[in-house]
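Read through the structure below, which is laid out as structure tokens, and then see the notes.
Every number here is computed from the coordinates shown, using simple stated rules; none is lab data. Keep in mind that this is a model prediction, so the values were computed, not measured. Note that we place each Cβ from the backbone using ideal geometry, even for glycine, and neighbour counts take in every protein chain shown.
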């Protein structure tokens with residue numbers, strides 16, 4: 001990626017725009033396929049490849065669709081900064097539910113971890129859900145433990161805290177969107 005985090009974010013945002021175009025072209029926004037996963041892989045980058053056999057991918061992806069539909073039904077058209085405390089708790093629970101799918105044998109898709117799953121949510125709800133990322137956690141000032149490769153240990157356990165931090169910041173700075181704040185926090189020094 002680029003030397004400057006701002007430039008990296010801009011480059012990844014282009015990949016996110018490709019995924020956005022794909023979502024808008026679908027008859028059913030919440031239906032998922034290997035194409036969605038490949039868009040997320042392109043957006044998230046890294047070393048992960050989607051290697052789930054097609055025969056099991058077809059079944060496993062339906063679990064992700066089900067949670068995505070719950071979020072769509074409950075929060076369609078809403079923005080994170082306008083959620084009540086109760087709505088915020090519901091949103092965090094649904095996001096955690098989707099991320100938990102990445103660890104269960106019946107729904108774990110090889111190559112799709114918590115950060116990738118969060119990108120699916122974020123792409124479908126740009127004004128509502130941030131992407132779970134070590135740089136965003138850092139920018140939000142969330143304390144994490146890292147492994148030898150400087151990756152966040154148990155990253156999924158920090159998603160609720162990150163969503164709440166975004167909510168708090170966006171409530172106090174209503175001129176910002178989720179994506180604008182994501183860029184700001186992504187670009188903070190590690």
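Once a ≥ b ≥ c are taken as the square roots of the eigenvalues of the Cα gyration tensor of the stretch 103-150, is the result rounded (a/c under 1.5), prolate (a/b larger than b/c) or oblate (a/b not larger than b/c)? Walk me through the intermediate numbers first.
Working: a/c = 2.69, a/b = 1.12, b/c = 2.40.
Verdict is oblate for the stretch 103-150.
Assuming 0.36 nm per residue, please report the length gained on full extension of the stretch residue 86 to residue 190 beyond their Cα-Cα distance.
34.2 nm
Per the Debye formula with a single identical scatterer at each Cα and no solvent contribution, what log10 I(q)/I(0) holds for the stretch 5-186 at q = 0.08, 0.11, 0.18, 0.20 Å⁻¹?
Results for the stretch 5-186 at q = 0.08, 0.11, 0.18, 0.20 Å⁻¹ read -0.23, -0.44, -1.29, -1.63.
Let me check against my output: what whole-number percent is the relative contact order of the stretch 64-127, with C-alpha pairs under 8 Å and at least 6 apart?
Working: 33 pairs, mean separation 23.1, N = 64.
Relative CO of the stretch 64-127 lands at 36 percent.
Just rank 145, 44, fewest to most, by other beta-carbon atoms within 10 angstrom. Could the numbers behind the result be given before it?
Working: 145 7, 44 19.
Arranged by neighbour count, lowest to highest, 145, 44 become 145, 44.
Output the relative contact order of the chain, whole-number percent, from Cα pairs under 8 angstrom with separation of 6+ residues. Provide the component values of the computation, followed by the final result.
Numbers: 226 pairs, mean separation 45.5, N = 190.
Once divided by the residue count of the chain, the mean separation gives 24 percent.
Report, in deg cm²/dmol and to the nearest 500, the calculated mean residue ellipticity at 222 nm for the chain, where each DSSP H run with n ≥ 4 adds -39500 (n - 2.57) and the sum is divided by the residue count.
When only DSSP H runs of four or more count, the value is -18500 deg cm²/dmol.
Counting other beta carbons within 10 Å of each Cβ, put 85, 56 in order, fewest first. Don't skip to the answer; put the middle values down first.
Details: 85 9, 56 14.
Fewest-to-most Cβ neighbours within 10 Å comes out as 85, 56.
Fewest to most neighbouring Cβ within 10 Å: what's the order for 16, 11? Intermediate results must be reported in sequence, preceding the final value.
Details: 16 22, 11 12.
Listing 16, 11 from fewest to most nearby Cβ atoms yields 11, 16.
Between the stretch 1-68 and the stretch 83-111, what is the C-alpha centre distance in whole Å?
For the stretch 1-68 versus the stretch 83-111, the Cα centre distance is 17 Å.
Taking Rh as the Kirkwood radius, which is the inverse of the mean 1/r over Cα pairs, what is the Rg/Rh value for the stretch 16-82?
That ratio is 0.99, to two decimals.
Using a/c under 1.5 as the rounded threshold, could you call the stretch 93-190 rounded, prolate or oblate? The axes a ≥ b ≥ c are square roots of the C-alpha gyration tensor eigenvalues, and prolate needs a/b larger than b/c, oblate otherwise.
oblate
What shape does the stretch 50-132 take by its C-alpha gyration tensor, where a ≥ b ≥ c are the square roots of the eigenvalues and a/c under 1.5 counts as rounded, a/b above b/c as prolate, and the rest as oblate?
Details: a/c = 2.29, a/b = 2.19, b/c = 1.05.
It is prolate, given that a/c is not under 1.5 and a/b is the larger ratio.
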